[in-house]
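Notes for the one structure printed next.
Each reported figure results from applying straightforward, stated rules to the coordinates on display, with no laboratory input. Please read all numbers here as calculations on a predicted model, not as lab measurements. Neighbour counts are summed over all protein chains in view; Cβ atoms, including those assigned to glycine, are modelled from backbone coordinates with ideal geometry.
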Amino acid sequence: MEQVVAVGTQFMREVNAGAILRRLRTETSMSVSALAKAVGLSRQAVTRSLNALAAEGLVEFGSLDRDSSRAGRPAQLVRFRAEAGYVLGLSISPQELRVAVSDLAGTVAAADAVQLCGGSHGQQVVETLLPAVARTLEAAGITTGDLWFASVGTPGIVDPATGIIRLIPSMPGLTGDLLHRRMKDALGCPVYLDNDVKLATQGERWRDSERREDSLVMVHWGERVGAGIVLNGELYRGASNDAGDVGFLDLFAATPPEPRHPHGLGPFEDWVGGEEIVRLAKAAAERDGDDALRARLEAAGERAFDAVLDAVVDGTPSALDALDVVARRFAKGVAAIRAILDPRLVVIGGPLARCGETLLAAVRRHLAEQPLDQPALEVSTLQDDAVVHGALRHSLEEIERTRFDLVRSGRQEVR
């Protein structure tokens, strides 16, 4: 049987400090005695570790707990200094940038969202993003020197180990290391890049306690379609870090022989993505003689997809007909996911989540035609904010791993 033992007093202090810090981060404040009981250490050992952590600026001794009902000397209170550092989360899509900064407890201090022009190339995106980050830091009352970590979610296939974007058809100008390099130079802290849907899945599970199932799939449904897969409570990435690229499913015999999109949209995205939804809505408006919807979509220009979703929310019949068509096709994708993974829950995120129960009812109706029992189906609670919250969550986890989880280094295993 293997066990981990502490070798030397220095390592023992690190083990104790890590345990104390993790416990304190879950509370507003605690007495030293209560903390000692919670972590299973003597008061003297806890006090030594707290003094070391206080010297690093991570904890702070407060006033005596004079409200306590216990007899004797009032207890000494101590708290985790969440304001000791900050983390940054960013979400990048062809339509917009979202930025948020939080303290070390995950409390958001400031956030911003900036619209992007459809034709923005890589350099333009970076030049728009950096001022947005600066404004967000200023709104939070901090500088880049206060940042401990930053995480960024982008579409496409990303190598998290290097920060290189290998494939991003919807924003080809960001391919390569441009984004990672410019952000690292500007922020001066570690910068992590990952696929946006994978981060959105982490964000959804973090912020919604009811979404912490050990088996779920979160599908981002918008201009493109991708999925984050959680198996046995862990995010599954696959051999190439692109598990869940359901946009490339080819489920329909009627798929055109030649791809309609030379820049990499997959067959499933061709049939259920934003461009197809707009096309179907225009066709339905033409068929139904709905001049108001036609004019609405024409005036929206590059934002026609958003206009269709707004029309669905408004209950416009032609838009609802278009939604029903893609819901039937989307149900085929859910059924394929069910047959392979059998998750407990499928969460729909991205722009389509705005359609709420109307969308769920349509997909469930078409799933009822499938022979297998289907997973529960819900829409994202975070919707457009899922990616940025997932980025914040990853940043905090990295700090937990590299700064707070002192046990990971300097340990010895014996048999």
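Observations on the model:
- Neighbour-count ranking [beta-carbon atoms within 10 angstrom, fewest first] of Glu56, Glu204: Glu56, Glu204
- Each Lys and Arg contributes +1 and each Asp and Glu -1, all at the Cβ; summed about the Cα centre of the chain, the dipole is approximately 1860 debye.
- Think of the chain as having a plus end and a minus end, set by charges on the Cβ of Lys, Arg, Asp and Glu; of Leu21, Phe305, Gly274, Leu21 sits farthest toward the positive end of this dipole.
- Converting phi to 3J(HN,Hα) with the Karplus coefficients 6.51, -1.76 and 1.60 and the offset θ = phi - 60°, region 100-115 yields 8, 10, 10, 7, 6, 9, x, 7, 5, 8, 6, 8, 8, 9, 10, 6 Hz in sequence order, with x at every glycine or proline.
- Dipole magnitude of region 264-415, debye to nearest 20 (Cβ charges: Lys/Arg +1, Asp/Glu -1, about Cα centre): 700 debye
- Among the trypsin sites (Lys or Arg not before Pro) found in region 296-354, those both in a DSSP coil and sparsely packed, with 16 or fewer other Cβ atoms within 10 Å of their Cβ, are Arg344.
- Gain on full extension, evaluated as 0.36 nm per residue between Asp214 and Arg43 minus their Cα-Cα distance, stands at 57.9 nm.
- Simple spin-label estimate for Glu127 and Ala361 gives 4.8 nm between the two label positions (7 Å along the Cα-to-Cβ direction from each Cα).
- Phi-based couplings in Hz for region 165-179 (Karplus 6.51, -1.76, 1.60; Gly and Pro marked x): 8, 7, 8, 8, x, 6, 9, x, x, 8, 4, x, 10, 3, 5
- In sequence order, calculated HN-Hα J values of region 83-94 (Karplus, 6.51, -1.76, 1.60; Hz; x Gly/Pro): 7, 5, x, 9, 10, 10, x, 9, 10, 10, 9, x
- Rounded to the nearest 10 degrees, the angle from helix 356-367 to the longest Cα principal axis of the chain is 70 degrees.
- Taking amide H as placed 1.01 Å from N in the peptide plane, the amide H of Ile348 sits under 5 Å from that of Val219, Glu378, Val379, Ser380, each at least 5 places away or on another chain.
- Angle in degrees between helix 122-140 and the longest Cα principal axis of the chain, rounded to the nearest 10: 40 degrees
- Between Ala239 and Glu27, the contour length at 0.36 nm per residue exceeds the Cα-Cα span by 72.5 nm.
- Relative contact order of the chain: 18 percent, from C-alpha pairs under 8 Å at least 6 residues apart in sequence.
- Amide proton proximity set for Ala109, modelled H, under 5 Å, gap of 5+: Val101, Ser102, Asp103
- 0 to 90° range, to nearest 10: angle between helix 386-399 axis and the chain longest Cα axis: 30 degrees
- Annotation: extensible slack from Ala336 through Ala283 equals 16.3 nm (criterion: 0.36 nm per residue apart, minus Cα-Cα distance).
- Under-5 Å amide H pairs with Ser215, H placed in peptide plane, nonlocal only: Gly233, Arg344
- With a Förster radius of 41 Å applied to the C-beta separation of Asp250 and Ala54, the computed FRET efficiency comes to 0.10.
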